[in-house]
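Some notes on the structure that comes next.
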Amino acid sequence: MSITLHMVASLDGFIAKKDDDYSWMDVSWSAYDKGMEMTADILETIDCYIIGSRTYELALKLGWPYAEKRTIVATKRKLTAAGPNVEFYSGDLVDLAKSLAQKNVWLVGGPTLYREFFPLNLVDKICLTVVPILLGSGVALFDGKEQKLRLTDMSAFKNGMIDLWYEVVRNP
Ligand SMILES: NC(=O)c1ccc[n+]([C@@H]2O[C@H](COP(=O)([O-])OP(=O)(O)OC[C@H]3O[C@@H](n4cnc5c(N)ncnc54)[C@H](OP(=O)(O)O)[C@@H]3O)[C@@H](O)[C@H]2O)c1
């Protein structure tokens, strides 16, 4: 089982603007001729998504990006499932990870939830999509805790975005 944290961030490390305006992600101003086409092929390889309830509610508002994939929403509230592939989880995160053996799991926000996974050594990889913009303020990607990483791959796309892949170096 591997858990990959995937976030889209500005170059100065913000993952959202305070007003949840996402227009900064549409990179209409940017092009990189040497880049490769950005495809969704990798999404086919994902077995299930894990998200926090605020990201869930935002996804319902802005448009469901997780297709028919199994989506586990962490919440302690009674929420309504957006579809047959949505399930709610309020237990221990280590038990959740154990229950997802053999799976390629993507943890896709938000920070309140994914920051709980790091100290539990539950994040194996990070895929960071960097948008060529400085937002200056907003919701920070990380919370200032030190975490060593190993670069394993990177891709530059025609729209000027880049994907950086890291392996998380285990805390002793
Ligand atoms: N740029 C990107 O790639 C990206 C992707 C996703 C999200 N975002 C941004 O992230 C922000 C949302 O993130 P957020 O940090 O505010 O919220 P979040 O992490 O999406 O959701 C937080 C909620 O998750 C639930 N939760 C967290 N830990 C839990 C646990 N151990 N067990 C059970 N439930 C747990 C709680 O829900 P209850 O209160 O319901 O119990 C908590 O209030 C938005 O600004 C969004 O735009 C950006």
>> Suppose the Debye formula is applied to equal point scatterers at every Cα of segment 25-75; what is log10 I(q)/I(0) at q = 0.15 Å⁻¹?
In response: -0.60
>> Order LEU113, LEU134, LEU149 by their accessible area, 1.4 angstrom probe, all chains in place, largest first.
In response: LEU134, LEU149, LEU113
>> Once the cut-off is 21 Å, how many percent of the Cα-Cα pairs in the chain end up in the long-distance tail?
In response: 50
> In the structure shown, do any of LYS18/LYS98; LYS18/LYS76; LYS103/LYS158; LYS78/LYS125; LYS78/LYS98 have a Cα-Cα gap over 27 Å, and if so which?
Replying inline: LYS18/LYS98; LYS103/LYS158; LYS78/LYS125
> Of the accessible area of the chain, with the probe set at 1.4 angstrom, what percent is carbon plus sulfur?
Replying inline: 56
>> Can you give me the distance in nm between label points at ASP41 and THR152, each placed 7 Å from the Cα along the Cα-to-Cβ direction?
In response: 1.8
>> What whole-number distance in Å separates the alpha-carbon centres of segment 18-36 and segment 64-95?
In response: 28
>> Between ILE133, ILE162, ILE42, where does the largest GNM mean-square fluctuation fall for the chain, given springs only between Cα atoms within less than 10 Å?
In response: ILE42
>> Along the charge dipole of the chain, pointing to its positive end and built from +1/-1 on Cβ of Lys, Arg, Asp and Glu, which listed residue (ALA31, PRO119, VAL73) has its Cα farthest out?
In response: PRO119
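Report the charge-dipole magnitude of the chain in Debye, nearest 20, computed about the Cα centre from +1 at each Lys and Arg Cβ and -1 at each Asp and Glu Cβ.
Result for the chain is approximately 460 debye, rounded to the nearest 20.
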> Looking at segment 72-131, which trypsin sites (Lys or Arg not before Pro) are in a loop (DSSP not H, G, I, E or B) and have at most 14 other Cβ atoms within 10 Å?
Replying inline: LYS76, ARG77, LYS78
>> Quick check on the chain: of the DSSP beta bridges with both residues there, what percent are antiparallel, nearest 5%?
In response: 40
> Of THR80, THR75, which has the most accessible area with a 1.4 Å probe, and how do the rest follow in descending order?
Replying inline: THR80, THR75
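Please list GLU167, GLU146, GLU37 in order of solvent-accessible area, largest first, computed with a 1.4 Å probe with all protein chains present.
Ranked list, largest accessible area first: GLU146, GLU37, GLU167.
Restricting to Cα pairs below 8 Å that are 6+ residues apart, what does the relative contact order work out to for the chain? Please round to a whole percent. Kindly include the intermediate steps, with their values, before the conclusion.
Details: 312 pairs, mean separation 68.6, N = 172.
With pairs under 8 Å counted, the relative contact order is 40 percent.
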> Pairing the Cα long axis of helix 53-62 with the longest principal axis of the chain, what angle in degrees results, from 0 to 90 and rounded to the nearest 10?
Replying inline: 50
>> Can you return the aspartates and glutamates within cross-link range of LYS148? Criterion is Cα-Cα under 13 Å, with same-chain partners fewer than 8 residues away left out.
In response: ASP124, GLU167
> Whole-Hz Karplus ³J(HN,Hα) for segment 19-33, in order, using 6.51 cos²θ - 1.76 cosθ + 1.60 and θ = phi - 60°, x for Gly and Pro?
Replying inline: 8, 6, 6, 9, 4, 5, 8, 8, 5, 4, 8, 10, 8, 9, 4
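Given a 1.4 Å probe, how much area per residue of segment 62-172 is accessible, in Å²? Present the calculation step by step, with values, prior to reporting the outcome.
Values: 6280 Å² over 111 residues.
For segment 62-172, the solvent-accessible area averages 57 Å² per residue.
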> Helix-derived [θ] at 222 nm for the chain: sum -39500 (n - 2.57) over DSSP H runs of at least 4, divide by residue count, nearest 500?
Replying inline: -4000 deg cm²/dmol
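The values are calculated or read from the model by the stated rules, or taken from the named source; none is laboratory data. Keep in mind it's a predicted model, so treat the numbers as computed, not measured. Please note: Cβ atoms are built from the backbone with ideal geometry, for glycine as well, and neighbour counts cover all protein chains shown. Surface accessibility is based on the protein's heavy atoms, side chains included, excluding ligands, DNA and RNA. Shrake-Rupley method; radii C 1.70, N 1.55, O 1.52, S 1.80 Å.
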